[in-house]
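A.B. asks: I am attaching a structure below and will ask some questions about it afterwards.
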Amino acid sequence: MKKFIYLRLLIIFIGGSQAVYKVSSQDGFVKSYSEPAITWKILPLFFIFSIIGTLFVISLQKSNPRTKKQWTKPSWHSNPFNFGNPVDFFHLAGIFFVITGVVDICSNYIKFGQINMEGFIALITGTGVLVALKLVEIFYKEKFSKE
């Protein structure tokens, strides 16, 4: 349905807007909000953890009696809050993090000429979730409907 496309776009717009707001409200460049500062070396761990975490949660949902017997592949037209088909929610979450990360990186670069790690953490985490969804389609292909 078209209303779910608008809902997804609204949620993604809110994520991008909060990234712009975060950067625009800063007086100066903030390399990292955490102590000790996050470095490039830790980013692969975020990627791996997001894949493992997503696969773990979806594997729990596979045996959950409240989910549908057959899932459908993620679609922009389906309800992301229909928990009978959990892959739709994770699809929206992955795209949300990717967009938020890209907007954060670009906003920091445009305003300060530098980039910070928080944008890359969101980008890498979202990418990991989307990769995990592709792996779910491979590992649990019997769970997906043939449509």
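The values are calculated or read from the model by the stated rules, or taken from the named source; none is laboratory data. Everything numeric in this text was worked out from a predicted model, so none of it was measured. Because the Cβ atoms are built from the backbone with ideal geometry, glycine has one as well, and the counts that use them run over all protein chains shown.
A.B. asks: Output yes when any residue across segment 97-109 is closer than 15 Å to ILE58 by Cα and hydroxyl-bearing (Ser, Thr, Tyr), and no when none is.
C.D. replies: Residues of segment 97-109 closer than 15 Å to ILE58 by Cα: none.
Taking every residue of segment 97-109 in turn, none turns out to be closer than 15 Å to ILE58 by Cα and hydroxyl-bearing (Ser, Thr, Tyr).
A.B. asks: If you don't mind, another one. Looking at segment 119-129, can you tell me whether even one residue there is touching a residue at least 24 places away in the same chain (Cβ under 8 Å) and more than 19 Å from the chain's Cα centre (by Cα)?
C.D. replies: Quick first cut of segment 119-129, residues touching a residue at least 24 places away in the same chain (Cβ under 8 Å) only: 119-129.
Okay, now just the ones that are also more than 19 Å from the chain's Cα centre (by Cα), so none.
No, segment 119-129 contains no residue that is touching a residue at least 24 places away in the same chain (Cβ under 8 Å) and more than 19 Å from the chain's Cα centre (by Cα).
A.B. asks: Of the residues that sit in segment 82-96 and are closer than 13 Å to VAL57 by Cα and aromatic (Phe, Trp, Tyr), which one is nearest to the chain's Cα centre (by Cα)?
C.D. replies: The qualifying residue nearest to the chain's Cα centre (by Cα) is PHE90.
A.B. asks: Working carefully through the options ILE110, ILE51, ILE99, find the one that is without any contact (Cβ under 8 Å) to a residue 60 or more places away in the chain and either at positive phi or β-branched (Val, Ile, Thr) (or both).
C.D. replies: Exactly one residue qualifies, and that residue is ILE110.
A.B. asks: Filter segment 110-147 down to residues that are over 30 Å from LYS62 (Cβ atoms) and either surrounded by fewer than 17 Cβ atoms within 10 Å (Cβ to Cβ) or touching a Pro at 6+ places or on another chain (Cβ under 8 Å) (or both) and give me whichever is modelled with the highest pLDDT. Steps first, please.
C.D. replies: The first filter runs over segment 110-147 and keeps only residues over 30 Å from LYS62 (Cβ atoms), leaving 110-120.
Next, only the ones that are either surrounded by fewer than 17 Cβ atoms within 10 Å (Cβ to Cβ) or touching a Pro at 6+ places or on another chain (Cβ under 8 Å) (or both) stay: 110-115.
Numbers: ILE110: 87, LYS111: 83, PHE112: 81, GLY113: 83, GLN114: 81, ILE115: 80.
This residue is ILE110.
A.B. asks: So, in segment 60-75, of the ones that are of a type outside the set (D, E, K, R) and in a loop (DSSP other than H, G, I, E, B), which residue ends up nearest to ILE5 (Cα to Cα)? Step through it out loud before you land on a result.
C.D. replies: Here is the first cut: in segment 60-75, the residues of a type outside the set (D, E, K, R) are 60-61, 63-65, 67, 70-72, 74-75.
From what's left, in a loop (DSSP other than H, G, I, E, B): 63-65, 67, 70, 72, 74-75.
Working: SER63: 29, ASN64: 27, PRO65: 28, THR67: 22, GLN70: 22, THR72: 16, PRO74: 12, SER75: 9 Å.
My answer is SER75.
A.B. asks: Say we look at segment 76-100 and pick out the residues that are among the aromatic types (Phe, Trp, Tyr) and part of a helix (DSSP H, G or I); which of these is surrounded by the most Cβ atoms within 10 Å (Cβ to Cβ)? Steps first, answer last, please.
C.D. replies: Restricting attention to segment 76-100, the residues satisfying the condition of being among the aromatic types (Phe, Trp, Tyr) are 76, 81, 83, 89-90, 96-97.
Retained after the next criterion (residues that are part of a helix (DSSP H, G or I)): 89-90, 96-97.
Working: PHE89: 18, PHE90: 20, PHE96: 20, PHE97: 23.
Taking the candidates together, the pick is PHE97.
A.B. asks: While we're on this one: Among the numbered criteria (1) modelled with pLDDT of 80 or more; (2) under 25 Å from SER107 (Cβ atoms), which one does LYS31 miss?
C.D. replies: In the conditions (1) modelled with pLDDT of 80 or more; (2) under 25 Å from SER107 (Cβ atoms), LYS31 misses (1) alone.
A.B. asks: Among the residues of segment 45-69, what is the count of those that are modelled with pLDDT under 90 and surrounded by fewer than 17 Cβ atoms within 10 Å (Cβ to Cβ)?
C.D. replies: Of the residues in segment 45-69, the ones modelled with pLDDT under 90 are 62-69.
Filter again for surrounded by fewer than 17 Cβ atoms within 10 Å (Cβ to Cβ), leaving 62-66, 68-69.
The total comes to 7.
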